[in-house]
1. Looking at region 1-52, which of the residues that are under 22 Å from Met103 (Cα atoms) and of a type in the set (Gly, Ala, Ser) is farthest from the chain's Cα centre (by Cα)?
2. For Ser310, indicate whether it is modelled with pLDDT of 90 or more, in contact with an Asp or Glu (Cβ under 8 Å, 6 or more places away or on another chain) and assigned by TED's automatic domain parsing to the domain that holds Gln281.
3. Could you check region 511-534 and list, in sequence order, the residues that are surrounded by 15 or more Cβ atoms within 10 Å (Cβ to Cβ) and not in a loop (DSSP other than H, G, I, E, B)?
4. Just to be sure I understand, how many residues within region 425-479 are in contact with a Ser or Thr (Cβ under 8 Å, 6 or more places away or on another chain) and among the acidic types (Asp, Glu)?
5. Restricting the search to region 485-497, which residues are surrounded by fewer than 17 Cβ atoms within 10 Å (Cβ to Cβ) and either closer than 21 Å to Ile530 by Cβ or modelled with pLDDT of 85 or more (or both)?
6. Collect the residues in region 185-213 that are under 15 Å from Ile247 (Cβ atoms) and either assigned to a strand (DSSP E or B) or free of Cβ contacts under 8 Å to residues at least 12 places away in the same chain (or both), keeping them in residue-number order.
7. Only one of these is assigned by TED's automatic domain parsing to the domain that holds Ala426, among the acidic types (Asp, Glu) and assigned to a helix (DSSP H, G or I): Glu508, Glu475. Name it.
8. Which residues, counting only those in region 271-287, are of a type in the set (A, V, I, L, M, F, W, C) and either within 11 Å of Asn372 (Cβ to Cβ) or touching a Gly at 6+ places or on another chain (Cβ under 6 Å) (or both)?
Amino acid sequence: MLRALMIDDSEDDVLLTIRELKKGGYNPVYERIDTAADMKKALREKQWDIILCDYNMPTFNAPAAIAISKEANLDIPLIVISGTIGEETALECMRNGAHDYFMKGKLSLLCPAIARELEDARIRNKQKQAEQELRQSEEKYRTILENIEDGYYEVDLSGRFTFFNESMRKTLGYSSEELMGMNYRKFTDEKYAKKLFHTFNKVFNTGEPSKEFDWQLLRKDGTRRYIEVSVSLVKDASGNPAGFRGISRDITERKNAENLIRESEAKYRNIFENAMEGIYQVTLGGHIVTVNKAFARMAGYASPQELIDSIKDVSTELYFRPEDRNRFLEIIAEKGSVEGFEVEFIKKDGSVFWVILNARTVTDEQGHTLYNEGLAEDITLRKKAEKQLQHSLESLKRATNTTIQVLVSALESKDPYTAGHQAKSANLACAIAKEMGLDKEIIEGIRMAGIIHDIGKISVPAEILTKPSKLTDIEFLLVKEHAQSGYEMLKDVESPWPLAQIVYQHHERMDGSGYPRKLKGEEIILEARILSVADVVEAMASHRPYRASLGIEAALAEIEKNRGILYDSVVADACLRLFQENGYLLT
């Protein structure tokens, strides 16, 4: 089927042309028009394969039709058919856009001409379509290149930019005008320029692309950036090398992070290797992952590797007591860490040394234990010093106890009543301290001070101490001197406890009304506050030379009444609990 737009004012001439077309093998479908308006409408509403146009009509002509065809921008072959124009007019029509011309009555070559023009039009349309698709493809990939974060570049064989995207331009910091045609040596130093040359030269010689080599470039502002680049060879239509293209990626942040990691690793490796404390990693199965030099040295090995190679199971080959390893694992499994774990290890030579361990569990992303890691400090010397100190302390305690016993015996020979009072007061003071939850060593110090807290009375005349009647003011003043006298007697005695101060302060009161120094509150040491309550309770509840016992109830009433006034509240409460809840008896 041939869709023909016939522009002619003669229906007869059109029919003659249609008959010629049919003779040429076409099956024409046509429409005849003879005005500009009809032509515009026909072109707008229908599709045509060919336009056959008479040159001269009453209200229209071929030049006007050619102009309308151009204006419509449609690639439809237009052939002029006329019986009146000369050759020059016909040639002018072709110069203006007609594809051919024929004289009416000489149409034998019309069909071959139409076939030729239809084929040319088909080729032109196909070429236009290909060009359109190419433009769309170029636009598509140009859009991609302009919007990707990675840089894209093309350079000629000498290394000058022929194309680059916006990301590449931003990376280098130049304007598009400055960067176009710029050689790579402009934005790199000599070291990296050589690296680039060798890389590009290798790609040129082998034809094989280079992937992801990195180098450092110099931006326009003088700052340096690291980029990762790929390079491939570009060839011309003849297959000859024409340049290079590739993708670049700014990896400055990654490089900086890698440098920081390397510096950090070097820093901590240096700490690890030169630390004074032993550092170790050990699996739950007892296999040593790593140790530092200090750990190997304290265990008697020449190097960390020798220790790792020698010890296959720390439970039996490093721990002196395997049960200590089990105890360590139980604690770290429960808490995730261990602090201050003191244990004995075995050295290479079989000797034993003490260490203190601080460790934590290291897990993977799923929470499974990888190993335990921590610090080990050799405390063998400290343990020996503690043992010696404990021995010295025991000797000192024995010497102190001997001294006290001598003092007690001396006081007993002078005043048996005072000696008994001291013993009962000491027992009660220790019971109060225990009720308060104090440490055993503190309680022992209270006991020692309690049994000699009135030792100063050894300087008081016996007739005053045993006087059956009320003391005079002067006699009472002499008795009150016993706290000062006791302090003077004990202040130079070596002891692990503040015996002299306890004796000195046991008659002080919380409100400052006591003696000899009228101390208040926290100025009075705790041991003296405890002994003062025990001293009052025992004295009131027991028989005195000058009066009969007032009874335990009266004594406790005194403590309760003056709780927080004369006596420490916490101490008073502990004392009252002893008697009222625990059934304590003075002994």
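The values are calculated or read from the model by the stated rules, or taken from the named source; none is laboratory data. The model shown is predicted, which means the values in this text are computed figures rather than measured ones. With ideal geometry, Cβ positions are generated from the backbone for all residues, glycine too; neighbour counts draw on all protein chains shown.
1. Top of the filtered list is Ser10.
2. Details: modelled with pLDDT of 90 or more: yes; in contact with an Asp or Glu (Cβ under 8 Å, 6 or more places away or on another chain): yes; assigned by TED's automatic domain parsing to the domain that holds Gln281: yes.
Spelling it out, Ser310 is indeed modelled with pLDDT of 90 or more, in contact with an Asp or Glu (Cβ under 8 Å, 6 or more places away or on another chain) and assigned by TED's automatic domain parsing to the domain that holds Gln281.
3. Within region 511-534, Leu526, Glu527, Ala528, Arg529, Ile530, Leu531, Ser532, Val533, Ala534 meet the criteria.
4. Qualifying residue count for the region: 1.
5. Residues of region 485-497 that are surrounded by fewer than 17 Cβ atoms within 10 Å (Cβ to Cβ), as a first pass: 488, 491-494, 496.
Result: Glu488, Lys491, Val493, Pro496.
6. Ser210, Lys211, Glu212, Phe213
7. Numbers: Glu508 fails: assigned to a helix (DSSP H, G or I).
None of the others qualify; the one that does is Glu475.
8. If we filter region 271-287 for residues that are of a type in the set (A, V, I, L, M, F, W, C), which is where we start, we get 271-272, 275-276, 279, 282, 284.
The answer is Val282, Leu284.
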